[in-house]
Amino acid sequence: MTALVTLFGGAGFLGRYVAQELLKAGARVLLAERDPKRAFFIKPLGGLGQTQFAAADITRAESVARAVQGSDAVINLVGILKGDFEAVHIGGARNVAEAARDAGVGALVHVSAIGADADAESRYARSKGQGEAAVRAVFPQATVLRPSIIFGPDDHFVNRFAQMARMPVLPVIRGGVKLQPVFVADVARAIAAAALDPARFAGRTFELGGPETLSMADLNAWIAKAAGRDPAILSIPDGAARLMARLGGWAPGAPITWDQWLMLQKDNVAAGGAEGFEAFGIKPAPLEAVAPGWLVQYRRHGRFAKQPA
């Protein structure tokens, strides 16, 4: 019998790739969204009747319970970068885990983030760590996946820096912090595998980092070059960046929030000895293998521009 996978957050940047991987594997996918219409664009990617929809908000336990009924596996991708972290990352994660347990679901995949730490200063990282603990307490056999910064054609990370690189001067905050950018399609493959093969991956935690570790400054320089731009890289002193972050909580258009500043105090790379992509048989793609294909849009003459050396 074909597996039914309930996917929370399937309409998002990562979610659409996870849905495609599940559909390619032949699974039936139920996309659970606060507004299911947001996920309707995924329906043509599957066969007749392969995609279903449900109205659900992970902060409302009763709606989550309805969405997971009859599911063989449940995936929770829902995460936010600002707002009520505790309600979404802890309470919402617990609601999904409890609903999966009570419905007798065979597999639960919880997507967290590298840097998740129940004792972290950053509310984002702390809530992610506490969310993992809440899930494990309810559903010990859950698979937890912690990706690093995810990039892809529709991301809000590489594309944001490529847009900024159009300026004569490209300001960089915390240029020395280390990142391990990871391609969205590789993360999606790992998530789908964990959901469809729980016998191999249940109860384990994986840290998913890309094949390269880059400083924030080097990453910005690479993006600018791939976009055919040559701005002056301006490293913002920590004192000035810290002040901007303090203002970020209330000043419209502030480039960084205080919580983001706290997250940038630590490298965003996989921990030494942590299980990663190798457990899934996936060789993650480096930035240079995929990103130039969409960064062409930022060149002065688009795809007709001279390619960077």
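Every condition in (1) touching an Asp or Glu at 6+ places or on another chain (Cβ under 9 Å); (2) crowded, with 18+ Cβ neighbours inside 10 Å; (3) modelled with pLDDT under 90 is met by G210 except one, and the failing one is (3).
Annotation: G92 fulfils all but one of (1) at pLDDT 95 or above; (2) in contact with a helix residue (DSSP H, G or I) (Cβ under 6 Å, 6 or more places away or on another chain); (3) closer than 28 Å to R28 by Cα; (4) not charged (D, E, K, R); the unmet one is (2). In region 257-284, the residues that are within 30 Å of D197 (Cα to Cα) reach residues that are of a type in the set (V, I, T) and open to solvent by 30 Å² or more (accessible area, probe 1.4 Å) with C-beta atoms within less than 7 angstrom, at least six apart or across chains, in these pairs: N268/I149; V269/T213. Scanning region 109-119 for residues that are more than 25 Å from A19 (Cα to Cα) and either buried (at least 24 other Cβ atoms within 10 Å of the Cβ) or touching a residue at least 12 places away in the same chain (Cβ under 8 Å) (or both) gives G115, D117, A118.
Only one of (1) among the basic types (K, R); (2) at pLDDT 95 or above; (3) under 17 Å from L264 (Cα atoms) is not met by R242, so which one is it? Condition not satisfied by R242: (2). One residue alone among A93, A73, A100 is over 21 Å from the mean Cα position of the chain (by Cα) and crowded, with 17+ Cβ neighbours inside 10 Å, and that residue is A100. Can you tell me which residue within region 76-90, out of those that are out of contact with any Lys or Arg (no Cβ under 9 Å at 6 or more places or on another chain) and of a type in the set (D, E, K, R), is surrounded by the fewest Cβ atoms within 10 Å (Cβ to Cβ)? Per the criteria, the residue is K82.
The single condition from (1) under 18 Å from A142 (Cα atoms); (2) open to solvent by 10 Å² or more (accessible area, probe 1.4 Å) that E62 fails is (1).
Hey, among A97, A134, A165, which residue is more than 21 Å from D267 (Cβ to Cβ) and out of contact with any Phe, Trp or Tyr (no Cβ under 9 Å at 6 or more places or on another chain)? Within the list A97, A134, A165, the selection yields A134.
Can you find a residue in region 26-41 that is over 19 Å from R126 (Cα atoms), buried (at least 19 other Cβ atoms within 10 Å of the Cβ), at pLDDT 95 or above and over 20 Å from the mean Cα position of the chain (by Cα)? For region 26-41, residues over 19 Å from R126 (Cα atoms), buried (at least 19 other Cβ atoms within 10 Å of the Cβ), at pLDDT 95 or above and over 20 Å from the mean Cα position of the chain (by Cα): present. Filtering D259, D218 for residues that are touching a Gly at 6+ places or on another chain (Cβ under 9 Å) and open to solvent by 70 Å² or more (accessible area, probe 1.4 Å) leaves a single hit, D218. When V158 is tested against (1) open to solvent by 10 Å² or more (accessible area, probe 1.4 Å); (2) in contact (Cβ under 8 Å) with a residue 60 or more places away in the chain, exactly one condition is not met: (1). Anything in region 236-247 that is surrounded by 16 or more Cβ atoms within 10 Å (Cβ to Cβ) and among the small types (G, A, S)? List them, or say none. Once the filter is applied, which keeps residues that are surrounded by 16 or more Cβ atoms within 10 Å (Cβ to Cβ) and among the small types (G, A, S), region 236-247 yields A241, A245. No other residue among A199, A193 is surrounded by fewer than 16 Cβ atoms within 10 Å (Cβ to Cβ), of a type in the set (A, V, I, L, M, F, W, C) and at negative phi apart from A199.
Check region 250-259 and report whether any residue there is within 22 Å of K178 (Cβ to Cβ) and either in contact with a Phe, Trp or Tyr (Cβ under 8 Å, 6 or more places away or on another chain) or of a type in the set (D, E, K, R) (or both). Scanning region 250-259, I find at least one residue that is within 22 Å of K178 (Cβ to Cβ) and either in contact with a Phe, Trp or Tyr (Cβ under 8 Å, 6 or more places away or on another chain) or of a type in the set (D, E, K, R) (or both), so the answer is yes. Just to verify a result, which residue in region 125-150, among those that are under 13 Å from the mean Cα position of the chain (by Cα) and not hydrophobic (A, V, I, L, M, F, W, C), is surrounded by the fewest Cβ atoms within 10 Å (Cβ to Cβ)? In this case the residue turns out to be R146.
Within region 10-25, the set of residues being in contact with a Pro (Cβ under 9 Å, 6 or more places away or on another chain) and modelled with pLDDT of 95 or more comprises just one member, L14.
The values are calculated or read from the model by the stated rules, or taken from the named source; none is laboratory data. Because the structure is a prediction, the values reported are computed rather than measured. Glycine also receives a Cβ, built like all others from the backbone with ideal geometry; neighbour counts cover every protein chain displayed. All accessible areas refer to the heavy atoms of the entire protein, side chains included, with ligands and DNA or RNA removed. Shrake-Rupley method; radii C 1.70, N 1.55, O 1.52, S 1.80 Å.
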